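Below is one structure, written out as structure tokens; the observations come after it.
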Amino acid sequence: MNGFEEFLEEYDDLAERLIQARYQDFGRAVRRFFQLLDQAPEPSRSHLRWLRVLFPLERVTSEVMVQPSGMVGSGQLNWPDDLDLALSAQLNLLESFGDSDREALQFSRGYFYSRSNNINDVLHEMTGHLFDPMIRDLRRYLQRNKDKPADASQVPASDRLVPLDHNRPEYAATIEAIESTEVAALASNEILPEDRERIKFELNAGMLLLKASSVREAAIEAVLIRALKWLSANFAGAALGVAADQALQAVLKLLAG
């Protein structure tokens, strides 16, 4: 058995565990799956790196996800027609759930209908209809490209530099929205003290990055966008969640130019 076959054997095992994972184990299963992808043999590892920067998470949020109307399963997902773009978008969405079981559950409730209110049944509606097919598509993608060297000239820049015009009204509105989110986080009794402190520093770090004349999109994604998504998912419906979602949309609009 060669290195690629051993990789696929472990891939199949971790993929099955992810699809069958219960709510309390889902984030851990997602993280283990992506740890394996990071250890894939070449050229698969390079193909995966290319795929994961092709359609980043912020584009999924702004271009794919149509927010639910309030009813269970009422949200819409407008995936790209191009197979590689759709695969990239779905892969990045799945990876984002490794940080928050609650965010995965909330997404499931918003975009997939289940007759049962059991949290595991709700989660499995999502994994069965979205990520099970995606994981099988990814496996076929890796098999098709297992002997094809990755073309470095086709790899999009994951560290895209975004110029910032501090005189634009959108810039001032974005900073104001982030500051309002920080105020709401400090005032909220629902957020744990240790989470409140972490979020305060992450929001401040994000605003500091935005003071430069240009910013690396990857840096904003890693610090600011991730913090705002966590707040939006974990405090949905509360004042803090609303403020975080408004700030998130402002940041995404600013980065899109």
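The values are calculated or read from the model by the stated rules, or taken from the named source; none is laboratory data. This one's a predicted model, so the numbers in the text were calculated from it and none came from an experiment. Don't worry about glycine lacking a Cβ; one is built from the backbone with ideal geometry, like all the others, and counts go over all protein chains shown.
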Worksheet entry | First in segment 41-54 and more than 17 Å from E10 (Cβ to Cβ), second anywhere and of a type in the set (V, I, T), Cβ under 6 Å, 6 or more apart | W50/V155
Discussion item. Show me the helices (runs of 4 or more DSSP H) found entirely inside segment 167-257 where at least 1 residues are exposed (fewer than 14 other Cβ atoms within 10 Å of the Cβ).
Written reply: 169-187, 193-210, 239-256
Worksheet entry | Index of the failed condition, R49 passing every other in (1) assigned to a helix (DSSP H, G or I); (2) farther than 22 Å from R216 by Cα; (3) out of contact with any helix residue (DSSP H, G or I) (no Cβ under 8 Å at 6 or more places or on another chain); (4) not acidic (D, E) | (2)
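Based on what the data block shows, is V162 within 20 Å of L224 (Cα to Cα), among the β-branched types (V, I, T) and modelled with pLDDT under 90? Steps first, answer last, please.
Details: within 20 Å of L224 (Cα to Cα): yes; among the β-branched types (V, I, T): yes; modelled with pLDDT under 90: yes.
In short, yes.
When segment 87-101 is examined, which residues are found to be buried (at least 18 other Cβ atoms within 10 Å of the Cβ) and in a helix (DSSP H, G or I)? Step through it out loud before you land on a result.
Just the residues of segment 87-101 that are buried (at least 18 other Cβ atoms within 10 Å of the Cβ), to begin with: 87-94, 96-98, 100-101.
Matches in segment 87-101: L87, S88, A89, Q90, L91, N92, L93, L94, S96, F97, G98, D101.
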Response to the item:
Per the list (1) charged (D, E, K, R); (2) in contact with a Pro (Cβ under 9 Å, 6 or more places away or on another chain); (3) crowded, with 19+ Cβ neighbours inside 10 Å, residue check on E58 breaks on (2)
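What number of residues in segment 108-123 are in contact (Cβ under 8 Å) with a residue 60 or more places away in the chain and crowded, with 22+ Cβ neighbours inside 10 Å? Explain how you work it out, then say what you get.
Narrowing segment 108-123 to residues in contact (Cβ under 8 Å) with a residue 60 or more places away in the chain: 119-120, 123.
With the extra rule that they be crowded, with 22+ Cβ neighbours inside 10 Å, the set shrinks to 123.
Of the residues in segment 108-123, 1 are in contact (Cβ under 8 Å) with a residue 60 or more places away in the chain and crowded, with 22+ Cβ neighbours inside 10 Å.
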